[in-house]
Amino acid sequence: MPDALVIENLSKTFGGQRALARASLEIMRREVHGLLGQNGSGKSTLIKILAGYYAPDPGGRLLIDGDQVELPLEPGEFRRYGISFVHQNLGLIPSLTVVENLFVGELASRLRWGISWEQERRRATAIFAKYGLNIDPAAAVAKLPSVQRAQLAIVRAVEEMRLGDRRRPARGLLVLDEPTPFLPKRDVEELFALVRGIVQEGASVMFVSHDVDEVLAITDRATVLRDGVVAGTLTTRESTRQDFVEMIVGRRVETVPARPQDFGREEADAAIEGLSGGTLKDLSIDLHRGEVVGLTGLIGSGFDEVPYLVFGSRSAEAGCLKLGAAIYDLADWDPSRAMAANVVLIPGDRQNAGAVASLTVADNITVPVLSTEYSPWMLNRRDMLRRAGRLARQFDVTPGDPSLPFDTLSGGNQQKVLLAKWLQMRPNLILLDEPTQGVDVGARQKVFAAIKEAAGAGAAIVCASSDYEQLATICDRVLIFGRGRVVSELIGGAISKESIAEYCYLGLVRLERGLEATEAD
Amino acid sequence: MAVSSDRHTVDGAVEPVRGRDPGHTVIGYAEQYGLIVVWAALIVVFGALKPDTFLTWSNVSSLLGSQAVLVVVTLGLIIPLTANDFDVSIANVMTLSSMVIAVLNVLHHVPIGWCMLIALATGVLVGLVNGFFITVFRINSLIVTLGVGTFLHGVTLWISDSMTISGVAPVLVKYVIVTRLLGIPLEFYYAIFICVVVWYLFEYTAVGRRILFVGRGREVARLSGIRADRVRRGCLVASSFLGALAGVMYAGTIGAADPQSGLSYLLPAFAAAFLGATTIVPGRFNPWGATLSVYFLVTGITGLTFLGIRTFVQELFYGGALVVAVTLSQLVGGREERL
């Protein structure tokens, strides 16, 4: 029997940079095949070539069920070959019912009159029953538990796969692109049962994930990508977690040594205590003046929610923030109170959360200090412009004319404007989310320098980021998250790009042992 | 919106971005002052065609005076519009306010001062109700104010028994339209005064800056420590208050209250607000642009009426102007996005 999918020599270059270099892999019939790798390893490039979003460099080959397929694929052409995708966001419409979502492809593409919803519901129930699922076809998708939503998306993908490939009804390739990060652990097992059922029926599955444990649990084999190159393919049954982590990170990983405690530090100057909300459960972090603390982890681990919860832009269920002698209740907290407590947040989404793109640099810089630096009922517009110009020069914004609209600046200069906007307040606690995302190399150094300077001036800094290199450059301490908790802590010399990556992947192991221990109690 | 990455070179240097300050280019000037030129042209054309009726001082002064009510409604409207909320109940607030004055003053003989206070308080109350539903239950402002406006229309018909009530205290009429300064009724100066206040609010107060941020980027505003919901409620109260004030002026202008008058104010106010956003400060709702637009539209309609064209031209003109104005402001905005 020919392999379900064979990729040979596939490359993709973006503006001189190789995102994917001569990648080859094959997925066998009835196989669950994992695809693993860090951010930027080429995983999503590969997926997007299959989906027809990217045209690969010439020279690659793609075989589906033994037939060579001409590259590049058109967007959506994959359907003709019985390939179907389920992406992380699932692509469901929450306000519509299960049955409407299930047959949306069919309803959109075929002219049908006089739909009998009664009959469609029976058909949906029959399909679910085939996979041993019990989902109410008349329920609104928004009301379903998250695992049923994921199951619905997968069943729909399988059904569409069948629809597309009438010649060989039992075959097909289902690509699951990170379907699990937002599912509770218990539900992941339920999802895997469904995946096994689908494979039983004759289809193959490509399972894209960050999570080594899930790959160990569900796949038959797995291919690891690193820096755009296939680092290797492992047979799951014969491999250990350690083998996978090594291959992902790219060097021999020694067993976890006990990390030295940092006794040199004085008592904490500030602290986040018992923070719960979103993915986070009972999180406590000690902070010190002048210290840059990095937060990181795999997608869905919750590290990126911390700045927003501590700033009050998302509401926390519980928790408090200690700053010096003051204690603030984070469950009753909002950005204006945070600012009054001298806490600032520089958000990751510059265009939608950081600044108003259509207003000028001066407008954007001065908005947080209108009532502290000026008399609010008699603004001195000329002085506001002068102040913005001075700050723009200080933070090296080019062009330095503060009367230009924000969106005429490059990404790096926009980020400098945001730093100027917030650091002018001389905050005690600075919360950063991906501070150098989409920023050029020169500006990146300026951003780092500004962060260091603010720390030097006595601020405590918390930086959430998935850019390990950046964390290694600026942080005194890095906390690694897994499923809403801190699972490892790296201090001082122990911090490097590689060690952070290693702990991100190993972190889950330690956590689960811990969880099993508590559940056994 | 991606800022094109080809603009910067490897070392982070950025090519100078060509000046975009609209005040310093020909297109910029055309945009800023174009409407004034067109307005002037319109006056010249109508003046040439009907010199002995259109260009008379009595026509000009009565036009400036009687349209002051519409100016105030439009100024009220641009406050929530700047915060990206619609207030379509404003014209109904105006009618209700004028009817409250007429009913209390004419039928119940309440002193006119009290009547005015009660009318204005009614406006504030309506604004609070609008703001409550919009910010607490997160309902689209268009829907809430449409419902509230219709409700208020019902209240107006109810308290007036669907009749026009005339005979409002002459003292109100005296200080609104009879007394003239430089030959123009006082109400014109009231409207200009409110225009100055709104302009000052928008340009020189922290509140005005916050309204602008809330309108342009609610999330940015929130993360900048602005209590966005409070600002939105404030804007809705301000618009209802100005609606009520327009009602007081309306009662003073005609010495009566007509339960259907609101209908003929809503669309013109929207047309003027959007047309105003294409001039003086293009791309932004602004009080001078709005005031200018009211008089521009009114000039066009009055001129056409003087030429003997029938009254339905008013609807054609206002309706057309609204669509054209919104299209123009979209083009102004769109061109900026592409730059």
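So that you can scan it fast, the table gives a plain yes or no per residue for (1) within 14 Å of chain B (Cβ to nearest Cβ); (2) in contact (Cβ under 8 Å) with a residue 60 or more places away in the chain; (3) in contact with a strand residue (DSSP E or B) (Cβ under 7 Å, 6 or more places away or on another chain):
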| residue | (1), (2), (3) |
| --- | --- |
| A:ASP440 | yes, no, yes |
| A:GLU453 | no, no, no |
| A:ALA457 | no, no, no |
| A:SER465 | no, yes, yes |
| A:GLU469 | no, no, no |
| A:THR473 | no, no, no |
| A:LEU490 | no, yes, yes |
| A:GLU498 | no, yes, no |
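Summed over region A:354-368, the residues that are farther than 17 Å from B:PHE202 by Cα and more than 8 Å from every other protein chain (Cβ to nearest Cβ) give a count of 2.
Restricting the first member to region A:69-94 and to residues that are among the polar types (S, T, N, Q), and the second to residues that are part of a helix (DSSP H, G or I), the beta-carbon pairs closer than 7 Å and six or more apart or on different chains are A:SER84/A:ALA157; A:SER84/A:VAL158; A:SER84/A:GLU160; A:SER84/A:MET161. Restricting A:PHE395, A:PHE448, A:PHE406 to those that are within 16 Å of A:ASN364 (Cα to Cα) and away from chain B (no Cβ under 12 Å) reduces the list to A:PHE395. Of the residues in region A:398-413, at least one is among the polar types (S, T, N, Q), closer than 25 Å to A:ILE451 by Cβ, in contact with a strand residue (DSSP E or B) (Cβ under 9 Å, 6 or more places away or on another chain) and in a helix (DSSP H, G or I). Within region B:31-49, does at least one residue satisfy the condition of being at pLDDT below 80 and more than 14 Å from every other protein chain (Cβ to nearest Cβ)? The answer is yes; a qualifying residue exists.
With respect to (1) within 7 Å of chain B (Cβ to nearest Cβ); (2) at pLDDT below 90, the lone exception for A:PRO347 is condition (2). For region B:217-231, which positions are facing chain A (nearest Cβ under 7 Å), out of contact with any Asp or Glu (no Cβ under 9 Å at 6 or more places or on another chain) and not hydrophobic (A, V, I, L, M, F, W, C)? Those that are facing chain A (nearest Cβ under 7 Å), out of contact with any Asp or Glu (no Cβ under 9 Å at 6 or more places or on another chain) and not hydrophobic (A, V, I, L, M, F, W, C): B:GLY217, B:SER224.
When you check A:LEU323 against the structure, is it touching a strand residue (DSSP E or B) at 6+ places or on another chain (Cβ under 8 Å), buried (at least 22 other Cβ atoms within 10 Å of the Cβ), more than 14 Å from chain B (Cβ to nearest Cβ) and not charged (D, E, K, R), yes or no? Considered against the rule, which asks whether it is touching a strand residue (DSSP E or B) at 6+ places or on another chain (Cβ under 8 Å), buried (at least 22 other Cβ atoms within 10 Å of the Cβ), more than 14 Å from chain B (Cβ to nearest Cβ) and not charged (D, E, K, R), A:LEU323 comes out as no.
Checking A:PRO145, A:PRO179 one by one, the residue that is in contact with a helix residue (DSSP H, G or I) (Cβ under 6 Å, 6 or more places away or on another chain) and modelled with pLDDT of 80 or more is A:PRO179 and no other. Screening region B:197-216 for residues that are touching a residue at least 40 places away in the same chain (Cβ under 8 Å) and facing another protein chain (nearest Cβ under 8 Å) and picking the one that is surrounded by the fewest Cβ atoms within 10 Å (Cβ to Cβ) gives B:ARG216. With respect to B:GLY243, determine if the residue is in contact (Cβ under 8 Å) with a residue 40 or more places away in the chain, within 30 Å of B:PRO170 (Cα to Cα) and crowded, with 22+ Cβ neighbours inside 10 Å. Criteria met by B:GLY243.
In region B:134-152, the residues that are within 9 Å of B:ASP87 (Cβ to Cβ) and in contact (Cβ under 8 Å) with a residue 60 or more places away in the chain form Cβ pairs under 9 Å with partners that are of a type in the set (Lys, Arg) and assigned to a helix (DSSP H, G or I), at six or more places apart or across chains, as follows: B:SER141/B:ARG232.
The values are calculated or read from the model by the stated rules, or taken from the named source; none is laboratory data. These numbers were taken from a predicted model, which means no experiment stands behind them. Glycine gets a Cβ as well: all are built from the backbone with ideal geometry, and neighbour counts include every protein chain shown.
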